[in-house]
Amino acid sequence: MQARTPASTTRTWITCGTLFMLTLTPARTNGDAARPPAELAATATAMRQEVERLRSIAFPHEVDVGVYTTTQMQAFLNATPDESQAAPATRSLAERGFQLVGLLPADAHLDTLTQAMFGTIAPPGIYDHVHHELRVLERPDGNYADFSVRLTLVHELTHALDDQLFDLARLADTGHATSDQENVWGALVEGSAVTIQEQYRAAATRSGNTPPAEIQQSAAEAAEQMRAMTTAPPIPAVFFARFPSGVRFLQFGARHLLKTQAPDQPAPSLSTLADVSAAVPSAYGTLPASTEQILHPEKYWDPARRDAPATFDDDAIEQMVATLGLRIAHRDTLGELLCAVVTSPADKRINPMFMPLPGYWTTPAATGWDGDRLYVLVPSTPDASTAGQPQGLWITQWDTSADRDEFIAAYARHRPLPNRTVLTPDPRTAAFAFNLDAPTRRAVESRLRSHPPVRTVGTAHQCAPVEVPNHAQRHDPTQQFR
């Protein structure tokens, strides 16, 4: 996709203190945050020290910590991430692409659904990686030292640390990343923060220094969030995939690195591996190429099984559709995660109990994904008869012909779209034409068959490595808790 995808119009939120935390990219719309209460400043300093200890690395800079009122927080959540002049048109085209393939109902609007979801599941804190600001929701009782606030701060401060070390805004590539790339970024950001949050939660609970009533209150808040999540439709609810899948991806990576460094020693199981600090710099240094690698971490971490996605020659597609009187108005890559959405029931709702399980966020029909490219098309010279008519071409590539056929069948079963036609130009490719007339469809299939788009191996997104202290220098995370 160019500019913004619908995934971009959903805010990247991480709610801590309970179940999730939040990093967001919109511009400021609500003025300066209130001056942080002295108790919040003291708690933030203590939690910063805990994050440094758990990650064995210091913050390069101070973190701007403050308070948002409920009104400020809601305005922040509803703000537009991309303020460029082209952003509204781009978001409309991106939403149209989601509607074409069946990710959204034809009469649904992503911003409306997202705002409704945020209205139900309000985050207790956010980290804005564009302006480098951490804000917690004001507390009516003025208590900024209880367990829920400390969890929120640990989660959000982990985002701030990752931002200072790896430049989250640069890695997010706002305005240019595809839907698939944005979901990869979200999984890394959330996986990193959730693991530190849960390390802190476990050690603070074991320490005996946290009042049981505060632990129970935190658990009740998490349970309430889970109940609210079950009412959200598949889009934007798929946003929540990044939390458990990011954790599992980093756990797998840390385990793989431990096995590589000490091949004669038994590696811990994924269910008991809490410390993923060794995997974080590696993953941020070379970003996973797709959500396929997030959902199947061996396809990223194990060199023998690494599976880079196929890519498509946009210029070749542009030239092809131009000969048919069309042009590309928007392009995107959906990835395995969103292919799983369209091969699941349209009324499926999240089951929080199953969210952490391997395989929950994919489907058998999506697991053979090898690459895809979605093009929203408009007439080169639009007239009254074609104005407003959405057209599109979604080219998907699969590992085997059996994988392709399984996806075609599941997609047809779960998203019976009336204006979709399946084209099969070769055994591993399925192209879906939306609202294209019969002569255009025949021309597209013929062209794809005789001149398939040039496919190349995907290239990893590189960033500068960061030195991390040796694990032997790490502190015992059960010590020095409040």
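The values are calculated or read from the model by the stated rules, or taken from the named source; none is laboratory data. Note that the structure is a prediction, hence the values are computed from the model and not measured. Counting neighbours? That spans all protein chains shown, and the Cβs are built from the backbone with ideal geometry, glycine included.
Structure summary
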{"item": "Residue among THR112, THR43 that is assigned by TED's automatic domain parsing to the domain that holds ASP162, at pLDDT 60 or above, in a helix (DSSP H, G or I) and exposed (fewer than 15 other Cβ atoms within 10 Å of the Cβ)", "result": "THR112"}
{"item": "Members of segment 400-415 that are assigned to a loop (DSSP other than H, G, I, E, B) and either touching a His at 6+ places or on another chain (Cβ under 9 Å) or surrounded by 16 or more Cβ atoms within 10 Å (Cβ to Cβ) (or both)", "result": "ARG415"}
{"item": "Matching entry among ASP162, ASP146, ASP141, ASP180 (being surrounded by 23 or more Cβ atoms within 10 Å (Cβ to Cβ) and closer than 30 Å to GLU39 by Cα)", "result": "ASP162"}
{"item": "Residue match in segment 423-434 (condition: closer than 23 Å to PHE239 by Cβ, among the charged types (D, E, K, R) and either in a loop (DSSP other than H, G, I, E, B) or out of contact with any Ser or Thr (no Cβ under 8 Å at 6 or more places or on another chain) (or both))", "result": "no"}
{"item": "Every pair of residues 6+ apart whose Cβ atoms lie under 7 Å, when the first sits in segment 49-62 and is free of Cβ contacts under 8 Å to residues at least 12 places away in the same chain while the second is of a type in the set (Asp, Glu) and surrounded by 15 or more Cβ atoms within 10 Å (Cβ to Cβ)", "result": "ALA58/GLU52"}
{"item": "Restricting segment 46-66 to residues that are within 20 Å of GLU133 (Cβ to Cβ) and in contact with a Pro (Cβ under 6 Å, 6 or more places away or on another chain), the residue that is surrounded by the most Cβ atoms within 10 Å (Cβ to Cβ)", "result": "VAL65"}
{"item": "Residue check for VAL468: at pLDDT below 65, aliphatic (A, V, I, L, M) and not in a helix (DSSP H, G or I)", "result": "yes"}
{"item": "Single residue of VAL238, VAL247, VAL194, VAL189 found to be among the aliphatic types (A, V, I, L, M), farther than 24 Å from SER148 by Cα and assigned to a helix (DSSP H, G or I)", "result": "VAL238"}
{"item": "Matching residues in segment 274-288 - criterion: being assigned to a loop (DSSP other than H, G, I, E, B), in contact with a Gly (Cβ under 9 Å, 6 or more places away or on another chain) and either of a type in the set (Val, Ile, Thr) or modelled with pLDDT of 95 or more (or both)", "result": "VAL276"}
{"item": "Residues of segment 190-218 satisfying the condition of being surrounded by fewer than 22 Cβ atoms within 10 Å (Cβ to Cβ) and either touching a strand residue (DSSP E or B) at 6+ places or on another chain (Cβ under 6 Å) or of a type in the set (A, V, I, L, M, F, W, C) (or both)", "result": "ALA202, ALA203, ALA213, ILE215"}
{"item": "Segment 170-216, subset in contact (Cβ under 8 Å) with a residue 24 or more places away in the chain and among the hydroxyl-bearing types (Ser, Thr, Tyr), residue farthest from TYR127 (Cα to Cα)", "result": "SER207"}
{"item": "Unmet requirement for SER290, which otherwise passes all of (1) in the same structural domain as ASP372 (by TED's automatic domain parsing); (2) in contact (Cβ under 8 Å) with a residue 12 or more places away in the chain", "result": "(1)"}
{"item": "Residue selected from segment 302-361 under the condition assigned to a strand (DSSP E or B) and hydrophobic (A, V, I, L, M, F, W, C), by the criterion surrounded by the fewest Cβ atoms within 10 Å (Cβ to Cβ)", "result": "ILE328"}
{"item": "Positions within segment 219-261 being β-branched (Val, Ile, Thr) and within 30 Å of PRO303 (Cα to Cα), in sequence order", "result": "VAL238, VAL247, THR260"}
{"item": "Condition met for GLY246 (out of contact with any Gly (no Cβ under 6 Å at 6 or more places or on another chain) and among the small types (Gly, Ala, Ser))", "result": "no"}
{"item": "Residue count for segment 223-264, restricted to those that are small (Gly, Ala, Ser) and over 30 Å from PHE98 (Cβ atoms)", "result": "4"}
